[in-house]
1. So between residue B:65 and residue B:300, what do we pick up on full extension, going 0.36 nm a residue minus the alpha carbon distance?
2. Highest GNM mean-square fluctuation, chain B, Cα pairs closer than 10 Å: which of B:347, B:91, B:329?
3. Given Cα pairs under 8 Å that are at least 6 residues apart, what percent is the relative contact order of chain A?
4. Which positions within region B:287-325 get 30 Å² or more of their accessible surface covered by the other protein chains, compared to the chain by itself, with a 1.4 angstrom probe?
5. With a 1.4 Å probe and every protein chain left in place, work out the accessible area per residue of region B:240-362 in Å², rounded to a whole number.
6. I want to verify a result. In a Gaussian network model of chain A, Cα cutoff 10 Å, which of these has the top mean-square fluctuation: A:143, A:77, A:243?
7. Shape call for the protein assembly as shown from the C-alpha gyration tensor, a ≥ b ≥ c root eigenvalues: rounded (a/c under 1.5), prolate (a/b greater than b/c) or oblate?
8. Nearest-5 percent of antiparallel DSSP beta bridges in chain A?
Amino acid sequence: MTSPQLPWEAEVVEHVQESPTIFTLRLRFTDPEQHAAYRFAPGQFNMLYLYGVGEVPISIVSDPEDVQLFDHTIRAVGRVTQGLAKLEAGDRLGIRGPYGKGWPLELAEDRDIMIVTGGLGCAPVVSVINYIMRRRDRFRRLVIMQGVKHTDDLIWHSQYEHWSEQPETQVLVAADQGTALWPWHVGHVTDLFDQVKIDFGTALAMMCGPEGLMKAAADQLLPRGMKEEHLFLSMERSMKCAVGLCGHCQRGSHFVCKDGPVFSFADLKPLFGVRGF
Amino acid sequence: METGFLPRAGLQTLLDTLLDAGYRCIGPQLRDGAIVYDALAHAEQLPRGARDHQAPGSYRIETTDSSRHFTWANGPQALKPFLFAPRETLWRAERRDDHTIHFVETLNTSTPLAVIGARACDLAALRLQDQHFLEGLNADPFYRARRKNLFIVAVHCSHPADTCFCASTGDGPRAEQGFDIALGELDDGYLVQSGSDHGAAIVAKLNLSSATEAQLNQVGKEIEAAAKSQTRNLPSRNLREALFANLSHPRWEQVAERCLSCGNCTSVCPTCFCHSERDDAALGGENSEHVREWDSCFTQGHSYIHGVTLRDDTHKRYRQWLTHKLGSWHDQYGRSGCVGCGRCIAWCPVGIDITEEAGAICAGERHD
Ligand code: SF4
Ligand code: SF4
Ligand code: FES
């Protein structure tokens, strides 16, 4: 039998530098049959293997219907990601996946949607925003909210501007520290919830980023009438195997790699915000 | 199934029968002052009259004049390393001159293995390892290959150590299920019972006489006495609610002051399954092995992500170990992750006792 953890070889087709530390690798499996058979859902992730160094879990940002290539947006922070940052078109790496449960996109249809993200350009929700934009008629109002520390931390600046011009779409961005020409709010992202125009009772929220920010957002959304089962969070934990065996991502009754990374708030609630879990 | 009697000298016949049937045999032996499991060809290699004196932070073997082979409870390891290898290569990457990468499977064929002398707690732990490695979303092929080839000769416990509490967890001292053959030791031999078709086939070759009523009673009495002699216990078989209701209990800080975060407890625990994965690149750079190795929730690296260690102190790590083992396991595996073997108590260098900690945290005033 084949090991569920055996990677496939993939080729970098394009390396796009998004910011000094954030880059996107556009990839294709070198085996055409594997490439043709490969399917994923927004919010799922792959394990990326840098030859001789190791593996990292990275979510897939491209659209599941873009069958030519699949994209990973990565921040260079550790040994593997710093090595991946040096890969150029033509270079090879290993990929296994997709793993985990993605965003609840069927449940989201015909509802208002709230996307909340913080920190550095959060790839898992960018995939979902693009997914919705390409199928705009299936969803109702869309609110995109992002909080960053510094104005420089917002990558895909022009994309946010573009989104804000779309019908039935509201873009709310806040930077803790502002600079000249910053068109959005200066202050905390939680200041912006009063401006959100959605039907909280039926709306669905999808969030990723630091858990502190997600908690602050949940504390705003739930009292406004959002249901715990409609609030979804993408969680990050240490991951070695991605198949529910190594124990590194265990959190309460879940293994984040296979039971997540996307969970409803109802599922996360018992330990949410408790340090050490 | 009828119980047979095997005279003491027949133990060698059992070993020979297993060897003839193609099994490699592993059994307990006394080495460097502890019971360890290693290749076993001759019954004389088994310990004789060995008693293990176990207490928090200590393990000592005394040799008595008993002629029995199983007058001890356990050593630091039993079945776990034979199925979930402490270190193994999951796959190999080869880089060719044109810089393409090829991924190569490293799963070898496994050979039949018979382990003699597994305890009831070991069988319960094996059941949990089976659930984890075989019955989840992704079965582990390395574990599966070895598990399929495993033959177990269990021995009921008649001499628990002071650290044992299997009666309290419901996992011993009698081996009830999960074995191919179970033995009950008497002064002059063994009561033999088969627990599977493979076991029955081996037993059939031993030409046993039937066990007498008196022999059955004797073994039964010894097992009962073994259960009664245990003094430690967990406050309940399900501490999930109690532990999570006490995440702010001051006892966590107190135990963290003693705990060295060394991970000994997790490495001797027969149910702990955490492992890490890393890459060993050959010096010439032409290939690299992707290796998995036992890991522990007590290490700094276990919860490390993006420059942050989620469990950055011993307090959070001890709380993680206990709330997972005795708490979240109920959600994930339908029971507690503790089978009462007491290993983590004896092999902890500072003698932290899981039963005492669980008792202190779960009894009395809530600190949530
Ligand atoms: S927690 Fe301790 S007593 Fe329980 S099974 Fe593990 S090592 Fe044995
Ligand atoms: S409880 Fe004991 S064995 Fe476990 S990590 Fe702490 S000091 Fe080590
Ligand atoms: S990453 Fe190994 S169990 Fe989840």
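The values are calculated or read from the model by the stated rules, or taken from the named source; none is laboratory data. These figures come from a predicted structure and were not determined experimentally. Note that each Cβ is placed from the backbone with ideal geometry, even for glycine, and that neighbours are counted across all protein chains shown. Protein only, heavy atoms only, side chains kept; ligands, DNA and RNA dropped before computing areas. Shrake-Rupley method; radii C 1.70, N 1.55, O 1.52, S 1.80 Å.
1. 80.0 nm
2. Residue with maximal mean-square fluctuation among B:347, B:91, B:329: B:91.
3. 17 percent
4. Flagged in region B:287-325: B:302, B:305, B:306, B:310, B:311, B:316, B:319, B:320.
5. On a per-residue basis, region B:240-362 sits at 34 Å².
6. Answer for the Gaussian network model of chain A: A:77.
7. Judged from the Cα gyration tensor, the protein assembly as shown comes out prolate (a/c at least 1.5, a/b above b/c).
8. Around 55 percent of the beta bridges assigned by DSSP in chain A are antiparallel ones.
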